[in-house]
Structures are given as C-alpha cells and as structure tokens.
Amino acid sequence: MIAKELAPGVHWVGAIDWNLREYHGYTLPGTTYNAYLVQGEKTALIDGAYGGFEEEVLGRIKSICDPATIDYIIVNHIEMDHSGTLPEFVRRMPDVPIYCTERAKEGLARHYDTTGWNIRVVKTGDTLDLGGKTLTFLEAPMLHWPDSMFTYLAEDAILFPNDAFGQHVASAARFDDELGRDVALAHAQKFFANLIIPLAPKVLKKLDEVGALGIDIKMIAPSHGVIWRTYAGDILKAYTDWSRGVSKDKVTIVYDTMHGSTGMMAKAIAEGVMAEGVDVRVCLLRDGRYEGTHRSDVVTEVLDSKAVLIGSPTLQDEVLPTVAGFLSYLRGLRPGRLGTKKIGCAFGSHGGMGGAVAQANELLKAAGIEVIEGGFQVNYRPDADELARAYEFGRSVARKVRSR
Ligand SMILES: Cc1cc2nc3c(=O)[nH]c(=O)nc-3n(C[C@H](O)[C@H](O)[C@H](O)COP(=O)(O)O)c2cc1C
C-alpha cells in the first residue's frame, strides 16, 4: 500500500473501490474514497472511507507513519462512504479528538454508537494548529448534507471540500493531469448533474464566500476521484458555469417506445435539430444496463443542453414507466434552480385518447423546465407528413435553443 504526496507533509491515504458500479442509483466505473494525512508537528487525518476499507486506508497511513500517532481526525461529512471506517479508527486510536460540525456530531450518533468518542464541534473560522500546518474549517451546510464542511490547509493552499468537486472514477491516477483534464471534467459533470444541481444556488453563494475570504487555492482535494492540482481553476469555473445553467446549444431527446412509433418521431425531431446546426443527443431509456441509457447518464446530457424533449407513448392512460421514472428523478434534481432555465416539450404516439404527452409536459414543468409548446403527438405510426412535422418541430426547437 502506498500513499501519494500532494505536498510535503500532505498525503492521500484513501481507498480505491474498483468494483462499485452503482451508488444511490448512479452508475459509475468504480470510485475512490479519499482520505488525507496532514503532518505538522501534530498529525491529522482528514476523512475516511466506506466500512470494509479500513485496512486499505490504514495500510496507506502505515507507509507514512504509525496510525497510533494520529493526533486528530477531521470529519468533513458523515455519509458512510467517508465515515464508515471511523468506528474501527476510534477503536484503534481511542480518545482521538474528532473535529466536525454540530450537525455532524448529531448525525454520527445516528449512524454509530459514539459513546465515549471525543468529538469536538467546530464552526466556520475555527482553526486547528498542527505546528507548521494550520487547518481552517468552513461550514458548508447542504453542500451536500446538513453536516458538511470544508477544511482548508493554509500553508499549502489546499482545500478539502469533501464531496464538492468530486468525481466517481476508479483509476491509478490521483491527479487531474494524470487522468486528463477533459476526462476528469466529464466525470465531475456527471457528479454535479446527479448530486449538485439542486444545490446550485448554494454553490454560487459558497463560491462567493470562499472568494471573499481572499484565500489562495492551489489544489482542491475532494473526497472522490482525482485531486485538482493543474486544473483547479477549471473545476471552479465549471462549477460556476454549471450552477448558472450555462449549457451548450444542444438538445437532449429522451424517450422510450413500445412499438417504435415514438422512436420514429424522436429520430425525425433529431434530424430537424441537426439541420439547424444544433447538437443533439438521443437517449433511449431502457433498463439502464447499457451505456448512455441510465438516468444518471441522461441527466448529465440534460445538464449539458439548453433543451430537453421527452418522448412517451401512452400506456393505460399514462406516461411509460421508464419515462415517468426519469421525470421523477429529474424533478428531484430541480434543474429549475440552475441560473438559466432549460426549455422543453413532450412528444409521443398514442392509440386512443392519449394522455402521456400532456402528463409529461406537466412533469417537465414540475421539474422546473420551461415548457415551450403543448406537445407534439401522433395517432399510432407517424406517416410521412407527420414525420415531416416532427422534423420541423425539431428545427423550431433548435432555433429557440440558438436564440437563447
Ligand atoms: C398495453 C397497451 C396499453 C395502451 N394504452 C393506451 C391508452 O391508454 N391510451 C392510448 O391512447 N393508447 C394506448 N395504447 C396504444 C399505444 O399508445 C400506441 O400503440 C402507440 O402507437 C404506441 O407507441 P410506440 O410505438 O411508441 O410504443 C396502448 C398500447 C398498449 C400496448
């Protein structure tokens, strides 16, 4: 087990979960649980890993120092993928002071038997002097849980923001430049789309707050994925842009179909969008096992797009369950909170009274999408005229996208 140096006296001592493919409904190519060891005259361990990874984290620590010599543990966030190792660490380092927010203290007690744990509550601005290394705490409630906080190491200008700026990716790369800028940003974008969208206004406020502190940030060391050392400025800008709703001239078409008619419409609409020189992504919602069909990938495309079109045939007076499930997920993410509203509209085929298109439009509105039309629907299979109308519909959406 090896640790990885970020700066003299600062090491990554986390765990790599190569096999994780699904986490709270998010598909991923594995992930890392990043823990960091900061050594001044005293030693602090920042965060931990999921339960089961104790030996891996301790093994990496042992490559630097005896874990028994750790003087402090910092808990930036209590979620079990970071705190799961804590009970074992406390067992091995009894009485070690644990620094966290008040809400974290309460939350830890709801997860573990914290009787006898030496928990010290900190607030924004509190510092911990390690002797040559100074940690400053910054509460970050709801980024992304009530207990969350950031820790800043002044001497090396490293921010440890826990989940913020993280990415779910398992690799040998520990740093952004090793993984590659664009790959790292793409993983961060999926993480943002699936976890951070509803927090966008808070992200902007927190970024302003951090900016107002006038602190230098050379490195951002999140709790998942690679450490931003070369592209720290890029991920800060990306978070600002994504929160503001800055997106591409792009339309994401999300649909499912029983007999192919709604699929024919999706294809014709996509052709219309492309004819206007606007980018388009067509996502067939299925069981999510195939690349690009899982809702966690599809919402990433939505984040990246100015418009989202939802296609569903009517099934028993309702939107298809796959599409309804997607729209429920999208509503929870509240894209309406992004600084710029996305536009959208539903389309689909039906055999009788229909209903799915009107329902999908309502669900889009509930998700905070600005619905631009009453919807586009056909009876059974679209004929040549209807496909031509679908094409024109695509062109009109693309023109709206270009004008925004
Ligand atoms: C089990 C089943 C239930 C259906 N229920 C409705 C319905 O309630 N209302 C309606 O207008 N059409 C209903 N339809 C008809 C479909 O919406 C129609 O066949 C449509 O063209 C299918 O589009 P698709 O090819 O995109 O799947 C139903 C079809 C099936 C197979």
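The values are calculated or read from the model by the stated rules, or taken from the named source; none is laboratory data. Because the structure is predicted, anything quoted here is derived from the model rather than measured. Don't worry about glycine lacking a Cβ; one is built from the backbone with ideal geometry, like all the others, and counts go over all protein chains shown.
Checked against (1) touching a helix residue (DSSP H, G or I) at 6+ places or on another chain (Cβ under 9 Å); (2) closer than 20 Å to H144 by Cβ, F89 passes all but a single condition, namely (2).
Out of D95, D71, D66, report the one residue that is at pLDDT below 95 and not assigned by TED's automatic domain parsing to the domain that holds G332.
Details: D71 fails: at pLDDT below 95; D66 fails: at pLDDT below 95.
D95 is the lone residue from the list that is at pLDDT below 95 and not assigned by TED's automatic domain parsing to the domain that holds G332.
With respect to E373, determine if the residue is without any contact (Cβ under 8 Å) to a residue 24 or more places away in the chain, outside the structural domain of L28 (by TED's automatic domain parsing) and away from the ligand (no atom under 16 Å from the Cβ). It is false that E373 is without any contact (Cβ under 8 Å) to a residue 24 or more places away in the chain, outside the structural domain of L28 (by TED's automatic domain parsing) and away from the ligand (no atom under 16 Å from the Cβ).
Table: residues versus (1) closer than 27 Å to R337 by Cβ; (2) touching a His at 6+ places or on another chain (Cβ under 8 Å); (3) in the same structural domain as C100 (by TED's automatic domain parsing).
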residue: D126; (1), (2), (3): no, no, yes
residue: S148; (1), (2), (3): yes, yes, yes
residue: L153; (1), (2), (3): no, no, yes
residue: A164; (1), (2), (3): yes, yes, yes
residue: E178; (1), (2), (3): no, no, yes
residue: A186; (1), (2), (3): yes, no, yes
residue: L207; (1), (2), (3): yes, no, yes
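In the range 371-404, what residues are in contact with a Leu (Cβ under 7 Å, 6 or more places away or on another chain) and surrounded by fewer than 20 Cβ atoms within 10 Å (Cβ to Cβ)? If the condition is that a residue be in contact with a Leu (Cβ under 7 Å, 6 or more places away or on another chain) and surrounded by fewer than 20 Cβ atoms within 10 Å (Cβ to Cβ), then V371 is the only one that fits. Give the residue, chosen from G332, G292, G277, that is away from the ligand (no atom under 15 Å from the Cβ), within 30 Å of L199 (Cβ to Cβ) and either assigned to a loop (DSSP other than H, G, I, E, B) or modelled with pLDDT under 95 (or both). Result of the check over G332, G292, G277: G292.
Applying the set (1) in contact (Cβ under 8 Å) with a residue 60 or more places away in the chain; (2) in contact with a strand residue (DSSP E or B) (Cβ under 8 Å, 6 or more places away or on another chain) to M142 leaves exactly one unmet item: (2). Taking the conditions (1) surrounded by 17 or more Cβ atoms within 10 Å (Cβ to Cβ); (2) in contact with a helix residue (DSSP H, G or I) (Cβ under 7 Å, 6 or more places away or on another chain); (3) free of Cβ contacts under 8 Å to residues at least 60 places away in the same chain in turn, A366 satisfies each one other than (1). Among residues of the range 300-323 that are over 11 Å from K248 (Cβ atoms), those with a Cβ under 6 angstrom from a residue that is of a type in the set (F, W, Y), sequence gap 6+ or separate chain, pair up as G311/Y255; G311/F347. Candidates are the residues of the range 139-159 that are modelled with pLDDT of 95 or more and aliphatic (A, V, I, L, M); the one that is farthest from L195 (Cα to Cα) is A154.
Of the residues making up the range 215-242, those that are assigned to a loop (DSSP other than H, G, I, E, B), over 15 Å from H11 (Cα atoms) and of a type in the set (A, V, I, L, M, F, W, C) are I215, I217. Residue count for the range 238-254 under the criterion of being in contact with a Pro (Cβ under 9 Å, 6 or more places away or on another chain) and hydroxyl-bearing (S, T, Y): the result is 1.
Residues that are away from the ligand (no atom under 11 Å from the Cβ) and not in a strand (DSSP E or B) were ranked within the range 341-358; the one that is nearest to A200 (Cα to Cα) is K341.
How about the range 140-169: which of its residues are touching a Gly at 6+ places or on another chain (Cβ under 9 Å) and either of a type in the set (V, I, T) or surrounded by fewer than 23 Cβ atoms within 10 Å (Cβ to Cβ) (or both)? Scanning the range 140-169 gives W145, P146, E155, D156, V169. The residue that is nearest to the ligand (Cβ to nearest atom), among those in the range 305-321 that are among the charged types (D, E, K, R) and either surrounded by fewer than 18 Cβ atoms within 10 Å (Cβ to Cβ) or on the phi > 0 side of the Ramachandran plot (or both), is D317.
Select from the range 247-265 the residues that are in contact with a helix residue (DSSP H, G or I) (Cβ under 8 Å, 6 or more places away or on another chain) and within 13 Å of the ligand (Cβ to nearest atom) and list them in ascending order. If you could, list the steps in order and put the result at the bottom.
In the first step, residues of the range 247-265 are kept if they are in contact with a helix residue (DSSP H, G or I) (Cβ under 8 Å, 6 or more places away or on another chain); the result is 247-257, 264-265.
Across the range 247-265, the qualifying residues are Y255, D256, T257, M264, M265.
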